[in-house]
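Shown next, in structure tokens, is the structure this report addresses.
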Amino acid sequence: MLSRGRTGCHACHELRPNEDIVSDVAISYTVHVFAVAGSLRKDSWNMKLLRAAIELVPPGMMIHQFDGLSDIPPYNADLDVDPRPEPVRALKQMLAACDGLLIATPEYNYGIPGVLKNAIDWASRPAATSPLLGKVALLMGASTGMVGTARAQQQLRQNFVFTRTTVLPTPEILVAKAPEKFDAEGRLADETARELIKERLQTLGEWVYKLRAR
């Protein structure tokens, strides 16, 4: 059961869950996707990018936005015992209830934000029962620079090797020069980026289904 509290489904969008998520395979369940933006800034480009993904969610998929990054304490092995801090339990419960991941990350100093890495550190332990184990992840990012968080996404891929989380291969969602890609209301206006997000979400659902069917 997915939590619907502060760190639960603040942005859950479901469209005809019993329709095909890929053209040639009918599925009878909704693909649930845990989504998070790795920035705490209220007007973050990556929060806007995540909202665009929610807007473009395909039939048969439901996106659950996690907004509790700021509540998670710095990782401390002394605290990583039962009962774990409540924000950590909420994170793990929501991850466990979902089939896939959608992460919109900024790029800070060629890497991912500390708050995002901290959440991954908590979620990755203990390794044998991590809710990241066996999940499928779609990465994306927006930045004001030229590379659209490519280096941060590469770092995330390395992190997910340890957790045995499958990250979708190319094409990558790299939204460079973000101020030129969003309109005055904060909506992603770049049609190329919108089409790519729509296609990659469809692919995420397909991979979740295929891995689940093994």
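The values are calculated or read from the model by the stated rules, or taken from the named source; none is laboratory data. Note that the structure is a prediction, hence the values are computed from the model and not measured. Note: ideal-geometry Cβ built from the backbone for every residue, glycine included; neighbour counts use all protein chains shown.
In the list Ile72, Ile21, Ile63, which residue meets the criterion of being modelled with pLDDT under 95, more than 16 Å from Pro106 (Cα to Cα) and touching a helix residue (DSSP H, G or I) at 6+ places or on another chain (Cβ under 8 Å)? Result of the check over Ile72, Ile21, Ile63: Ile21. Scan region 56-108 for residues that are part of a helix (DSSP H, G or I), of a type in the set (A, V, I, L, M), touching a Pro at 6+ places or on another chain (Cβ under 6 Å) and within 23 Å of Asn46 (Cβ to Cβ) and the total you get is 1. For region 40-48, the criterion of being assigned to a loop (DSSP other than H, G, I, E, B) and modelled with pLDDT under 50 is satisfied by no residue at all. The single condition among (1) under 18 Å from Ala37 (Cβ atoms); (2) surrounded by 14 or more Cβ atoms within 10 Å (Cβ to Cβ); (3) over 14 Å from the mean Cα position of the chain (by Cα) that Phe160 does not meet is (3).
Answer yes or no as to whether Leu79 is free of Cβ contacts under 8 Å to residues at least 40 places away in the same chain, among the aliphatic types (A, V, I, L, M) and out of contact with any strand residue (DSSP E or B) (no Cβ under 6 Å at 6 or more places or on another chain). Answer is yes for this residue. For region 100-123, a residue qualifies if it is crowded, with 19+ Cβ neighbours inside 10 Å and polar (S, T, N, Q), and exactly one does: Thr105. Put simply, of Arg194, Arg200, Arg151, Arg157 the only residue that is in contact (Cβ under 8 Å) with a residue 12 or more places away in the chain, assigned to a helix (DSSP H, G or I) and within 13 Å of Glu107 (Cβ to Cβ) is Arg151. Considering Ala97, Ala90, the condition of being touching a Leu at 6+ places or on another chain (Cβ under 8 Å) and either hydrophobic (A, V, I, L, M, F, W, C) or surrounded by fewer than 21 Cβ atoms within 10 Å (Cβ to Cβ) (or both) is satisfied by Ala97 alone. Evaluate region 117-128: report whether one residue or more is closer than 21 Å to His64 by Cα, part of a loop (DSSP other than H, G, I, E, B) and at pLDDT 95 or above. Within region 117-128 (the criterion being closer than 21 Å to His64 by Cα, part of a loop (DSSP other than H, G, I, E, B) and at pLDDT 95 or above), the answer is yes, since at least one residue qualifies.
I'd like to know if region 179-191 contains one or more residues that are of a type in the set (A, V, I, L, M) and either assigned to a helix (DSSP H, G or I) or within 25 Å of Ile120 (Cα to Cα) (or both). Checked against the condition, which is being of a type in the set (A, V, I, L, M) and either assigned to a helix (DSSP H, G or I) or within 25 Å of Ile120 (Cα to Cα) (or both), region 179-191 yields no hits at all. The residues in region 53-68 that are touching a strand residue (DSSP E or B) at 6+ places or on another chain (Cβ under 7 Å) and over 21 Å from Val208 (Cα atoms) can be counted, and the count is 0.
Within this structure, Glu180 fails the test of being touching a strand residue (DSSP E or B) at 6+ places or on another chain (Cβ under 8 Å) and free of Cβ contacts under 8 Å to residues at least 40 places away in the same chain. Here is a check on your reading of the model: is Gln153 under 16 Å from Ala37 (Cα atoms) and at pLDDT 95 or above? Judged against the criteria, Gln153 is a match.
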